[in-house]
Amino acid sequence: MSAKASGAHRAEPKGSRAQSVYRAIRRAIIEQALRPGMKLPEDSIGEQLGVSRTLVREALGRLSVEGLVELKPNKGASVAYPTLEEARDVFDVRRSLERLVVQSLAGRLTAQQVTTLETHVRLEDEAQGRDGPESIRLAGEFHILLSEMTGNALLDRYVQEVSSRCSLILALYGRPHSSECAVSEHRQLIEALKRGDAEEAMAVMDHHLEAVAARAVLAPRNSADIRDLLAPFARKEGLKSS
C-alpha cells in the first residue's frame with residue numbers, strides 16, 4: 001500500500017470522529033441541553049467527548065457558520081444568544097422559505113415520500129409526553145424532511161439553517177406547549193400535499209409557524225456543568241462519556 005493510500009485510510013476515522021463531535025454538540029444545542037449564552041470551553045468539551053481541542057474547535061467553527069455558536073476573539077465560544085428582533089427576522093424568513101417548500105411539493109409527493117412522512121409523524125406521536133427534547137428534535141426533522149424532498153439543495157440548506165436557529169430561539173424565548181397541535185398540523189400538511197392543494201398547505205404551514213413564533217417569552221438560563229449536559233449526547237455518538 002502506498003504512503004498516500006495509507007494516509008488516506010488513517011484520515012477516515014478522524015473525519016468520522018470529527019462528524020460525531022459536531023453532531024453531539026449540535027444535537028445538545030437543538031435539544032436545548034446547551035442553552036443560549038452558555039460558554040463552550042474547548043477543554044471541557046474535549047474532556048467529556050474524549051477528543052482533542054482541535055476537533056472541538058472544528059465543530060464549533062461549523063456551528064458558528066450555521067448561526068448556532070458565537071465565536072469571539074479572546075472570549076472563546078458560546079451558544080448563540082439571538083435578540084428578540086433577530087428571532088422575529090428568523091421566523092419571517094422561515095415562513096417564506098417553508099411556503100416555497102410546500103408549494104413545490106403539492107401534488108408531487110411520491111408514494112415512498114408519503115410513507116416516509118407518515119412514518120415520521122408516527123414517531124412524533126410516540127414521543128409525545130415521553131421525552132421533551134426528542135419531541136423538539138422530531139418536530140424539526142419533519143420540516144427538514146419536507147425540504148429535502150424538494151430536491152432543491154439551496155432551499156434545503158436554508159431551511160435546515162433557519163430550523164436550527166428556531167430551535168435555539170425557542171430554547172431562549174419559548175414557553176411550554178402541547179406537541180399534539182404540532183403533530184396534528186403535520187398530518188394536515190401531508191393530506192393537503194397529497195391532494196395537491198398548495199393553498200391549503202401554505203395556510204396550514206403559516207398557521208403552524210405563527211403558533212410556534214407566538215410562544216416567545218423569556219426563559220430561565222441553565223447553569224449546569226457542560227460536561228454533565230453533554231454526557232448523553234457523547235454516548236449517542238459513541239464518544240467518551242465520563
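Tell me the volume per residue, in Å³, of the convex hull enclosing the alpha carbons of region 84-213.
88 Å³
Pull out the extension gain between residue 197 and residue 16, defined as 0.36 nm times the separation in residues minus the alpha carbon to alpha carbon distance; nm, one decimal.
Value of the extension gain: 61.0 nm.
Quick check: pseudo-label points 7 Å beyond the Cα along Cα→Cβ at residue 43 and residue 152, how many nm apart are they?
Roughly 4.8 nm, to one decimal.
May I ask you to order 85-96, 158-169 by the average number of other C-beta atoms within 10 Å around their residues, highest value first?
With the highest mean Cβ count within 10 Å placed first, the list reads 158-169, 85-96.
Taking the Cα centre of region 84-213 as origin, sum charge times position over the Cβ atoms of Lys and Arg (+1) and Asp and Glu (-1), and report the length of that vector in debye to the nearest 20.
The dipole of region 84-213 has a size of about 140 debye.
Quote the FRET efficiency, to the nearest 0.05, computed for residue 54 versus residue 228 with a Förster distance R0 of 30 Å and r equal to the Cβ-Cβ distance.
Efficiency, from the Cβ-Cβ distance: 0.80.
Calculated FRET efficiency, residue 118 and residue 86, Cβ-Cβ r, R0 51 Å, to nearest 0.05?
0.90
Order the peptides 36-45, 66-75, 138-147 from the highest to the lowest mean number of other Cβ atoms within 10 Å of their residues.
Ranking, from highest mean packing down: 138-147, 36-45, 66-75.
All of the numbers you see were taken from the coordinates with simple rules; none came from a lab. The model shown is predicted, which means the values in this text are computed figures rather than measured ones. Please note: Cβ atoms are built from the backbone with ideal geometry, for glycine as well, and neighbour counts cover all protein chains shown.
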